[in-house]
Amino acid sequence: MPCLNEAETVETCVRAALLSLDRLGVVGEVIVADNGSIDGSRELAARAGATIVSVGEKGYGAALRGGIEAARGKYVIMGDADDSYDFSHLDPFLERLRDGYDLVMGDRFSGGVDPGAMSFLHKYVGNPVLSGIGRLFFSTQVHDFHCGLRGFRRDAAMELDLKTPGMEFASELVVKASLAGWRIAEVPVILHPDGRGRAPHLRSWRDGWRHLRFLLLFSPRWLFLYPGLALLGVGIALTTALYFAPLRFFGAGLDIHSMLYASAATLLGMQLCLFALFARVSAQNGGLLPRRPSLDRLLRILTLERGLLLGLAVALCGLLWSAAAFWQWREAGFGALDPRVVMRDTIPAAALMVAGMEIMLASFLLSLLSWDIDTRAANA
């Protein structure tokens, strides 16, 4: 149980958890991971029979990590010390863990949320939206990403290398467990109004953003790749179509000005796709995301030399196209040209030159990010 000034409720939670352990007939301990309480929470928890672990690093996630590291049992069940969960009935969690599940999540929306236990914003906007994004990004079926009551195998959790110190720890555990291929189960739990007489530590907008930021950073596909592919496809299609003739779209005339924006969208799309590759390689090499053999094979194909040759070829195409446009200008005696004609050549030509340079520079950066892969392949 993470704890920061929970004197009003921590003793009740500890006694309920110990009662549950005794009733289930299992050997266990109740750990209160204290994050610097000054209201006597530590003494009250110890008097109730808890083991106190002091965690100096501030934050919900930091306190939980400290408690998990200090735990000695095979399974860990974590839950808030504010009396919002019933610790006296942990049977479903233990049963699912013994059935072989690696992570057992509480689901407050199937179990029930008592009146006053959760604000309207959290119940109908924050939790459903963030949980929905998590399911979409990480192909998991967890319906309540942020339930504070959950159980897992301690040894498996230690292998996840959990790092986040704040409230986003709730998302990190589910995301990393999903990426690691854990067997995940859900059990209904009831959320009660907490027993504190003060405001909760949770800050809706700040902590909601931290959860969303974490989900985005751990999914380069949705943050960079999919938007990049969309921009790249639309940009190339529109630039190509406008090269041959102006278009009318829902009554609006599209010409060289639209072609300019379309080429910019193409370049931005390419950059986002490269960012997705950079982010995935960096996160994989840093241990934030699991290693993918398919990505390693791709990196062995995308060598620095091949990238430089590809970028040079693209840039040369743009340069030759520009030379052809320059020749038209020369044939006209370097006088005024119809921009609706000449810009159809100069816009894509300039975009190709910029794209070629970006590919060459990106090849150097990718080679740097994948340096350890290249070294291991050379030594294999």
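Of the residues that make up region 18-27, is at least one among the charged types (D, E, K, R) and farther than 19 Å from Arg196 by Cβ? Spell out how you get there, then give the answer.
Going through region 18-27, the residues among the charged types (D, E, K, R) turn out to be 22-23.
Retained after the next criterion (residues that are farther than 19 Å from Arg196 by Cβ): 22-23.
Yes - at least one qualifying residue is present in region 18-27.
If you check Leu288 against the conditions, is it in contact with a Gly (Cβ under 7 Å, 6 or more places away or on another chain) and more than 17 Å from Leu368 (Cα to Cα)?
Working: in contact with a Gly (Cβ under 7 Å, 6 or more places away or on another chain): no; more than 17 Å from Leu368 (Cα to Cα): yes.
No; evaluated as a whole, the condition is false for this residue.
Of all residues in region 78-93, count the ones that are outside any loop (DSSP other than H, G, I, E, B) and out of contact with any Ser or Thr (no Cβ under 9 Å at 6 or more places or on another chain).
Going through region 78-93 one residue at a time, the tally reaches 3.
What number goes with the only condition from (1) without any contact (Cβ under 8 Å) to a residue 12 or more places away in the chain; (2) in contact with a His (Cβ under 9 Å, 6 or more places away or on another chain) that Tyr85 does not pass?
Against the list (1) without any contact (Cβ under 8 Å) to a residue 12 or more places away in the chain; (2) in contact with a His (Cβ under 9 Å, 6 or more places away or on another chain), Tyr85 comes up short only on (1).
So the check is Cβ under 9 Å with 6+ separation or different chains; which pairs have a first residue in region 233-246 that's under 14 Å from Ala351 (Cα atoms) and surrounded by fewer than 13 Cβ atoms within 10 Å (Cβ to Cβ) and a second one that's at pLDDT 95 or above and acidic (Asp, Glu)?
Short answer, once both residue conditions are applied: none.
Can you tell me which residue in region 213-232 is nearest to Pro165 (Cα to Cα), limited to those that are open to solvent by less than 60 Å² (accessible area, probe 1.4 Å) and not aliphatic (A, V, I, L, M)?
Result: Phe214.
Which one of Asp99, Asp107 is more than 20 Å from Glu172 (Cα to Cα), at pLDDT 90 or above and over 16 Å from the mean Cα position of the chain (by Cα)?
Details: Asp107 fails: more than 20 Å from Glu172 (Cα to Cα).
Being more than 20 Å from Glu172 (Cα to Cα), at pLDDT 90 or above and over 16 Å from the mean Cα position of the chain (by Cα) holds for just one of Asp99, Asp107, which is Asp99.
Pairs, please: C-beta under 9 Å, at least 6 apart or cross-chain, first residue in contact (Cβ under 8 Å) with a residue 12 or more places away in the chain and in region 302-317, second of a type in the set (Val, Ile, Thr) and crowded, with 16+ Cβ neighbours inside 10 Å?
That search, which allows pairs on different chains as well, returns Gly307/Ile359; Leu308/Ile359; Leu310/Ile359; Gly311/Ile359; Leu312/Ile359; Val314/Ile359; Ala315/Val354; Ala315/Ile359.
Does any residue of region 225-246 turn out to be under 30 Å from Glu172 (Cβ atoms) and either in contact with an Asp or Glu (Cβ under 6 Å, 6 or more places away or on another chain) or among the small types (Gly, Ala, Ser) (or both)?
If we filter region 225-246 for residues that are under 30 Å from Glu172 (Cβ atoms), which is where we start, we get 225-231.
Checking the rest, the ones that are also either in contact with an Asp or Glu (Cβ under 6 Å, 6 or more places away or on another chain) or among the small types (Gly, Ala, Ser) (or both) come to 228, 230.
The answer is yes, given that some residue of region 225-246 is under 30 Å from Glu172 (Cβ atoms) and either in contact with an Asp or Glu (Cβ under 6 Å, 6 or more places away or on another chain) or among the small types (Gly, Ala, Ser) (or both).
Return only the number of the condition from (1) in contact with a Leu (Cβ under 9 Å, 6 or more places away or on another chain); (2) under 25 Å from Gly116 (Cα atoms); (3) among the basic types (Lys, Arg) that Arg153 does not satisfy.
(2)
Looking at Tyr226, is it free of Cβ contacts under 8 Å to residues at least 24 places away in the same chain, in contact with a helix residue (DSSP H, G or I) (Cβ under 9 Å, 6 or more places away or on another chain) and of a type in the set (Phe, Trp, Tyr)?
When the stated conditions are applied, Tyr226 passes them.
Just to be sure I understand, how many residues within region 94-113 are surrounded by fewer than 23 Cβ atoms within 10 Å (Cβ to Cβ), in contact (Cβ under 8 Å) with a residue 40 or more places away in the chain and either in contact with a Cys (Cβ under 7 Å, 6 or more places away or on another chain) or in a helix (DSSP H, G or I) (or both)?
The total comes to 6.
Can you name the residue in region 272-297 that is aliphatic (A, V, I, L, M), more than 29 Å from Ala350 (Cα to Cα) and in a helix (DSSP H, G or I) and, of all such residues, is modelled with the highest pLDDT?
Checked region 272-297; the qualifying residue modelled with the highest pLDDT is Val281.
Being farther than 21 Å from Thr266 by Cα, of a type in the set (A, V, I, L, M, F, W, C) and modelled with pLDDT of 85 or more narrows it down to one residue among Ile301, Ile373, Ile359, Ile347; which is it?
When all the criteria are applied, what remains is Ile301.
Val174 passes all but one of (1) open to solvent by 50 Å² or more (accessible area, probe 1.4 Å); (2) under 12 Å from the mean Cα position of the chain (by Cα); (3) not hydroxyl-bearing (Ser, Thr, Tyr); which number fails?
(1)
Filter region 247-265 down to the residues that are open to solvent by less than 70 Å² (accessible area, probe 1.4 Å) and free of Cβ contacts under 8 Å to residues at least 12 places away in the same chain, then identify the one that is farthest from Ala350 (Cα to Cα).
Applying the filter and picking the extreme gives Gly251.
The values are calculated or read from the model by the stated rules, or taken from the named source; none is laboratory data. Keep in mind that this is a model prediction, so the values were computed, not measured. Neighbour counts are summed over all protein chains in view; Cβ atoms, including those assigned to glycine, are modelled from backbone coordinates with ideal geometry. Heavy atoms of the whole protein, side chains included, go into the accessibility calculation; ligands, DNA and RNA do not. Shrake-Rupley method; radii C 1.70, N 1.55, O 1.52, S 1.80 Å.
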